[in-house]
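See below for the structure under consideration.
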Amino acid sequence: MKNHTEGLFSVHAAVLIFGLTALFSKLIALSAVEITLLRSVFAIAAIAIYIKYLNESLKLNNKRDYLIALLLGIFLGTHWVTYFHAMQVSSIAIGIISLYTYPVITVFLEPFFHGERPHIKDVLSAIVVLFGIYLLVPEFSINNQTAIGVFWGVLSAFLFAMRNMIHGRYFKSYPARHALFYQTMAVIIILIPFSAEVVPEVSQTQWLQLIVLGIFFTALP
């Protein structure tokens, strides 16, 4: 019971902190790809220092796990990019509400990973949530900013749900800090070719914002 309570507390604390990351999509005047790359640099540095402090080995159990970590990093990186992009093209509220369809998407993905049929109550809840998202969109058009934001937000939710399902199935034996270390490393490797040239243009204020985002709103939660 104690572990269950601690788990619930950790989940709610992480969700609260993650939710505040949305503010940085508007505060930092960089593209979603650039923000994701630079936040990842500071996040992996903080995690590496923490793992070093604990005197833990970063070696994974087998070669397959490195490939899984790379795959998880691809899903995590694209999730971060699409999430920030959703809020940049629409609003923070639209981005957050659309992202939190990921539990709904998880309900429909679970049978493919665990072979379990979704419970009726979960399916009904999913339908209600999807209908709520439908009500947010005034017009399904590529010229409507809300519709575009919902599209990118729901895509981000799908990528996040996929990352969580794969992690839970193949990578859950590793501590969260080890998992995020390798996934963030993959994010950096993947995004460097697309945004490395922006580094000299980042202002001092933006660097401070990225440090806060990377350490306190990425590594910590």
- Examine segment 178-191 for a residue that is in contact with a Phe, Trp or Tyr (Cβ under 6 Å, 6 or more places away or on another chain), open to solvent by 20 Å² or more (accessible area, probe 1.4 Å) and within 20 Å of R64 (Cβ to Cβ), and state whether such a residue exists. no
- Note on the structure: Checked F217, F160 against criteria (in contact with a His (Cβ under 6 Å, 6 or more places away or on another chain), in contact (Cβ under 8 Å) with a residue 60 or more places away in the chain and within 18 Å of F24 (Cβ to Cβ)); the one match is F160
- Which of (1) surrounded by 14 or more Cβ atoms within 10 Å (Cβ to Cβ); (2) over 14 Å from the mean Cα position of the chain (by Cα); (3) part of a helix (DSSP H, G or I) does Y53 not meet, given it meets every other one? (1)
- Here are L58, L8, L30: which of them is farther than 30 Å from T146 by Cα, open to solvent by 20 Å² or more (accessible area, probe 1.4 Å) and in a loop (DSSP other than H, G, I, E, B)? L58
- Item | Some residue of segment 104-114 being surrounded by 11 or more Cβ atoms within 10 Å (Cβ to Cβ), within 22 Å of G19 (Cα to Cα), free of Cβ contacts under 8 Å to residues at least 12 places away in the same chain and not polar (S, T, N, Q) | no
- Kindly indicate whether V212 is among the hydrophobic types (A, V, I, L, M, F, W, C) and farther than 28 Å from A43 by Cβ. no
- Query: Taking segment 69-102 as the region of interest, how many residues are under 25 Å from R177 (Cβ atoms), open to solvent by 20 Å² or more (accessible area, probe 1.4 Å) and part of a helix (DSSP H, G or I)?
  - Reply: 7
- Near pairs, Cβ below 7 angstrom, 6+ apart or cross-chain, from segment 125-144 (within 17 Å of G95 (Cβ to Cβ)) to any residue that is at pLDDT below 75: N144/P138
- Message: Going residue by residue through segment 115-129, is there one that turns out to be open to solvent by less than 20 Å² (accessible area, probe 1.4 Å) and of a type in the set (A, V, I, L, M, F, W, C)?
- Response: yes
- Task: Kindly provide the set of residues from segment 193-208 that are open to solvent by less than 50 Å² (accessible area, probe 1.4 Å) and either at pLDDT below 90 or touching a Ser or Thr at 6+ places or on another chain (Cβ under 9 Å) (or both), ordered by number.
- Result: S195, A196, V198
- Query: Just to be sure, is S57 free of Cβ contacts under 8 Å to residues at least 12 places away in the same chain and polar (S, T, N, Q)?
  - Reply: yes
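The values are calculated or read from the model by the stated rules, or taken from the named source; none is laboratory data. Because the structure is a prediction, the values reported are computed rather than measured. Note: ideal-geometry Cβ built from the backbone for every residue, glycine included; neighbour counts use all protein chains shown. The accessibility values were calculated without ligands, DNA or RNA, using every heavy atom of the protein model including side chains. Shrake-Rupley method; radii C 1.70, N 1.55, O 1.52, S 1.80 Å.
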